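To start, the structure itself, in structure tokens.
Quick note: the coordinates plus some simple rules give every number you see, no bench work behind them. The structure presented is a predicted model; accordingly, all values stated were derived computationally and were not measured. Methodologically, a virtual Cβ is constructed for each residue, glycine included, from the backbone with ideal geometry; neighbour enumeration extends over all protein chains shown.
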């Protein structure tokens with residue numbers, strides 16, 4: 001219930017008579033329930049006076065302050081939503097979050113044609129500003145990830161495949177008490193580092209390869225996220241130049257973070273460094289994304305972003321350069337914005353590193 005007044009204040013600003021929330025992480029954030037959908041609808045239904053949960057579950061889950069309606073026929077969900085709207089949401093405009101499936105929304109629109117629906121980011125706007133206890137969870141997750149990177153890179157060996165090195169990271173997370181990594185961390189060797197979203201495979205590490213690892217893990221419900229790039233046994237002058245350029249972009253972007261400036265300034269600052277070095281065409285992605293209960297969440301640094309940095313925001317700073325068929329470098333940190341600057345959450349070494357020598 002702690003965050004509900006803030007969401008309701010946002011609803012009032014947008015003149016929404018009701019709000020339908022279906023994102024599993026939103027539901028967990030607002031109710032404390034961890035309820036997977038399994039392709040069925042679970043929803044939190046909000047007005048200024050009510051907080052109702054509609055859940056496809058066989059056993060009742062009723063956190064304090066909420067009422068729960070259980071159902072067992074998935075096809076009944078639109079009708080149950082319509083009944084709730086007619087009974088409790090008197091105004092003409094309702095909000096939906098960005099995850100309500102169209103197979104429920106479209107029939108619902110037919111059932112209550114007197115109402116209109118607006119996709120709203122009420123919950124995202126509240127979640128952008130983290131409470132101190134949330135920031136401490138992010139810091140703890142990042143501290144564990146710092147240790148994992150150190151442990152894993154000490155085990156890197158020539159001939160090891162990307163997939164095998166990913167398993168090393170998973171084992172290290174488990175050894176640090178965080179449980180095994182679900183799936184595969186993003187590990188790239190050699191030319192694979194030029195692929196922004198590389199899928200690890202059976203490529204085996206060779207001398208002169210760049211090694212990039214981008215990974216994070218939810219610990220106590222909040223994610224870490226960090227990228228480091230190193231080189232194996234040697235680095236060419238070009239590799240060194242690109243690395244130092246990305247490192248300067250990372251440091252300068254961090255240095256401009258403070259409340260009151262546009263988040264886009266962080267991206268522009270990183271871009272200016274990379275462009276001045278002649279690599280502007282090889283930086284294809286945003287510099288920042290938010291982090292919290294989701295690996296990627298608001299605020300997002302997009303071309304149309306109007307986000308103003310505020311105390312309590314937590315986001316990544318991750319410039320990179322990617323040279324096709326050659327190599328790439330990305331350096332990613334996480335920050336928590338303070339009243340006059342930022343707190344760095346990630347502390348793994350960023351100095352140019354050549355391993356295996």
Please list the equivalent ellipsoid semi-axes of the range 262-309, computed as the square roots of five times the alpha-carbon gyration tensor eigenvalues, in descending order and whole angstrom. 22, 12, 8
The chain: relative contact order in percent, alpha carbon pairs under 8 Å with at least 6 residues between: 14
Name the most mobile residue of 11, 293, 226, meaning the one with the largest mean-square fluctuation, in a Gaussian network model of the chain with Cα contacts below 10 Å. 11
Cα extents of the range 228-346 along the principal axes, largest first, in whole Å, come to 41, 26, 24
Heads up, the range 38-96 by the C-alpha gyration tensor (a ≥ b ≥ c square roots of eigenvalues; a/c under 1.5 rounded, else a/b over b/c prolate, else oblate) looks oblate
Specify the residue with the greatest mean-square fluctuation among 199, 291, 309, computed from a Gaussian network of the chain linking alpha-carbon atoms under 10 Å apart. 199
Expressed in µm² per second, the diffusion coefficient of the chain from the Stokes-Einstein equation, with Rh the Kirkwood radius over alpha carbon pairs, at 25 °C and 0.890 mPa s, is 111
Pick from 192, 18, 159 the residue whose mean-square fluctuation is largest in a GNM of the chain, springs joining Cα atoms under 10 Å. 159
Quick one: helix 4-13 against the long Cα principal axis of the chain, what's the angle to the nearest 10°, folded into 0 to 90? 80
Whole angstrom only: what separates the Cα centroid of the range 335-357 from the Cα centroid of the range 44-101? 43
In square nanometres, what is one fourth of the surface area of the convex hull spanned by the alpha carbons of the range 133-277? 9.6
If 81, 163 are placed from fewest to most neighbouring beta carbons inside 10 Å, the sequence is 163, 81
As computed over the range 4-127, the Cα convex hull volume per residue (Å³): 92
